[in-house]
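Asker: Below is one structure. I have some questions about it.
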There are 2 protein chains.
Amino acid sequence: MVQPTPMKDQILSVATDLFAAKGFKGTSIRDISNALGISISNLYHYFGSKEGLLLAILQRTSETLLDDLQRVSEMELEPLERFKRLIETHLRQCRDFGKETRIFMLDKEHLSREGDRANRQIQRRVLAIYLKELGTLANRGLVTSRNLKVLAFNVLGVINWYLRWYRPDGPLSHDEVTEEITAFILNGIRGADI
Amino acid sequence: MVQPTPMKDQILSVATDLFAAKGFKGTSIRDISNALGISISNLYHYFGSKEGLLLAILQRTSETLLDDLQRVSEMELEPLERFKRLIETHLRQCRDFGKETRIFMLDKEHLSREGDRANRQIQRRVLAIYLKELGTLANRGLVTSRNLKVLAFNVLGVINWYLRWYRPDGPLSHDEVTEEITAFILNGIRGADI
DNA sequence: TTGACATTAGATCGAGCGTTCGATAATGTC
DNA sequence: GACATTATCGAACGCTCGATCTAATGTCAA
């Protein structure tokens with residue numbers, strides 16, 4: 001006997017799809033309710049408002065997304081190897097939660113004060129993780145750049161850009177691309193004698 | 001005697017600010033007309049519709065933005081030096097036309113068929129310029145990566161991310177950051193023996 | 001069967017949206 | 001000075017938005 005997916009999860013799933021495809025402002029609550037075949041009031045029953053829906057998506061995603069990165073950053077490994085794993089994990093997250101990440105990369109301006117704070121904190125925590133790793137690498141002389149913050153942003157730029165151009169139905173597999181991107185980043189931070 | 005700025009340009013300027021700040025859907029034509037102290041009908045007199053306004057912004061920007069990159073790519077220089085100049089030019093464009101680029105990075109889904117085509121073509125032309133340069137570098141053995149397309153996307157990721165995190169009022173100057181980013185990218189593409 | 005409660009549907013609201021219209025004011029042309 | 005052209009305006013249109021209200025339905029213990 002299969003447990004039917006709870007309505008709340010169904011709503012979150014469909015809303016995520018629509019928000020990712022048409023944007024937050026571009027998606028009406030009628031769009032969502034129609035796609036699900038339920039009434040508008042039902043949406044309001046589960047999530048108090050349209051933005052409540054957005055916040056729920058943010059919350060649901062951010063937990064798993066950040067915890068995964070955090071876990072990797074706490075692994076006892078060679079710093080370079082750990083950094084590599086961090087990138088791989090992050091790229092996998094981008095693949096699995098691409099739609100959610102897209103929403104908050106594109107529509108962050110439509111969040112309330114509360115949502116905006118939550119969103120910013122997530123971004124800050126991700127940056128902090130990378131900064132810590134880069135600091136460790138720098139201490140071992142594996143990074144020559146002076147400004148670790150710029151370096152971290154560059155790394156995040158490459159990773160975040162991935163979910164803007166990569167198409168799963170294209171010629172390249174996720175693993176191939178991961179390898180290429182990882183190599184690019186590792187070369188980039190190594191700051192060799194150019 | 002100072003020539004007053006033509007109303008058309010004023011509208012374009014204010015609209016660019018608002019679209020960049022609040023998104024296309026998030027900005028009403030009333031917002032724009034209020035910010036300018038003119039009537040809504042006046043907007044429609046100059047640009048036939050809200051999307052006409054967006055298209056005008058796209059057109060005005062894309063010309064100067066792309067032509068600059070094109071010009072650099074046609075310079076007769078050492079390939080590595082030309083690539084470096086390309087990045088510098090691109091970053092300068094991001095600094096000067098950050099708002100415009102933001103609009104079409106965030107709101108491309110709201111363009112009509114015509115606008116979407118124009119926007120895609122711009123992206124494609126930018127990518128083509130980088131692919132050509134990377135190809136030249138690869139021919140001289142300066143790039144070891146197998147997949148130039150992924151490499152080009154990585155480069156664009158770093159550059160485009162710049163206009164998401166860089167704040168002119170922060171501690172870093174544009175030139176400092178440009179130097180850091182250029183070094184990162186050049187190291188990244190060199191694909192050394194890691 | 002009844003009553004309490006959760007869940008649903010559908011009508012409805014005021015606000016805001018993009019857009020249109022007809023009229024007025026300013027400017028240029030002969 | 002008459003006339004065409006351009007620039008500007010206020011008022012309104014039809015529509016969609018997020019949100020709410022009311023009433024009906026389903027569920028299940030007592």
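Throughout, read-outs are computed from the coordinates displayed, never taken from laboratory work. Values in this document were obtained by computation on a predicted structure and should not be read as measured data. Because the Cβ atoms are built from the backbone with ideal geometry, glycine has one as well, and the counts that use them run over all protein chains shown.
Asker: Near residue B:22, which lysines are there with a Cα under 29 Å away, not counting those fewer than 8 places off in the same chain?
Answerer: Cross-link targets: A:22, A:25, A:50, A:99, A:108, A:149, B:8, B:50, B:99, B:108.
Asker: Can you pull the Kirkwood radius for the range B:112-194, inverse mean 1/r over Cα pairs, to one decimal in Å?
Answerer: 14.5 Å
Asker: Classify the range B:92-132 as rounded, prolate or oblate from the Cα gyration tensor: take a ≥ b ≥ c as the square roots of its eigenvalues, call it rounded if a/c is under 1.5, otherwise prolate when a/b beats b/c and oblate if not.
Answerer: Because a/c hits 1.5 or more and a/b fails to exceed b/c, the range B:92-132 counts as oblate.
Asker: Projected onto the charge dipole of the range B:38-91 (+1 at Lys/Arg Cβ, -1 at Asp/Glu Cβ, origin at the Cα centre), which of B:69, B:43, B:83 gives the Cα projection farthest towards the positive end?
Answerer: Result: B:43.
Asker: Treating the beta-carbon of each Lys and Arg as +1 and of each Asp and Glu as -1, no other charges, what is the dipole magnitude of the protein assembly as shown about its Cα centre, to the nearest 20 debye?
Answerer: 660 debye
Asker: Let me ask something additional. Using the Karplus equation 6.51 cos²θ - 1.76 cosθ + 1.60 (θ = phi - 60°), what ³J(HN,Hα) coupling, rounded to whole Hz, does each residue of the range B:172-185 give in order, writing x for Gly and Pro?
Answerer: Residue by residue, the range B:172-185 yields 9, 7, 4, 5, 4, 4, 4, 4, 4, 5, 4, 4, 4, 5 Hz.
Asker: Given points 7 Å out from each Cα along the Cα-Cβ axis, report the residue B:45 to residue B:179 separation in nanometres with one decimal.
Answerer: Inter-label distance under the simple model: 5.2 nm.
Asker: Same structure again: How large is ³J(HN,Hα), in whole Hz, for each residue of the range B:22-34 in order, when computed from phi with the Karplus curve 6.51 cos²θ - 1.76 cosθ + 1.60 and θ = phi - 60°, using x for Gly and Pro?
Answerer: So the J values, rounded to whole Hz, are 10, x, 5, 5, x, 10, 8, 5, 5, 4, 5, 5, 5.
Asker: How large is the Kirkwood hydrodynamic radius of the range B:53-93, in angstrom, based on all distinct alpha carbon pairs?
Answerer: 11.0 Å
Asker: Another question about this same structure. Averaging the inverse of every distinct alpha carbon separation and then flipping it gives the Kirkwood radius. What is it for the protein assembly as shown, in angstrom units?
Answerer: With all distinct Cα pairs of the protein assembly as shown included, I get 22.8 Å.
Asker: Read phi for every residue in the range A:87-100 and hand back ³J(HN,Hα) as whole Hz from Karplus 6.51 cos²θ - 1.76 cosθ + 1.60, θ = phi - 60°, with x for Gly and Pro.
Answerer: Using θ = phi - 60°, the values come out as 4, 4, 4, 4, 5, 5, 4, 4, 5, 7, 10, x, 4, 4 Hz.
Asker: Could you give the Stokes-Einstein D for the range B:28-134 in µm² per second, using the C-alpha Kirkwood radius, 10 °C, 1.306 mPa s?
Answerer: In µm²/s, the coefficient rounds to 102.
Asker: Where the only charges are on Cβ atoms (+1 Lys, Arg; -1 Asp, Glu), what is the dipole of chain B about its Cα centre, to the nearest 20 debye?
Answerer: About 660 debye.
Asker: Now a separate question. Give the longest segment of chain B that steers clear of trypsin sites (Lys or Arg not before Pro) in DSSP loops with at most 14 neighbouring Cβ atoms within 10 Å, not counting the sites themselves.
Answerer: Answer - B:1-139.
Asker: Taking the range A:59-190 on its own, what percent of its Cα-Cα pair distances exceed 18 Å?
Answerer: Result: 55 percent of Cα pairs exceed 18 Å.
Asker: Name the residue from B:141, B:163, B:20 whose Cα lies farthest towards the positive end of the charge dipole of chain B, charges +1 on Cβ of Lys and Arg and -1 on Cβ of Asp and Glu.
Answerer: It is B:20.
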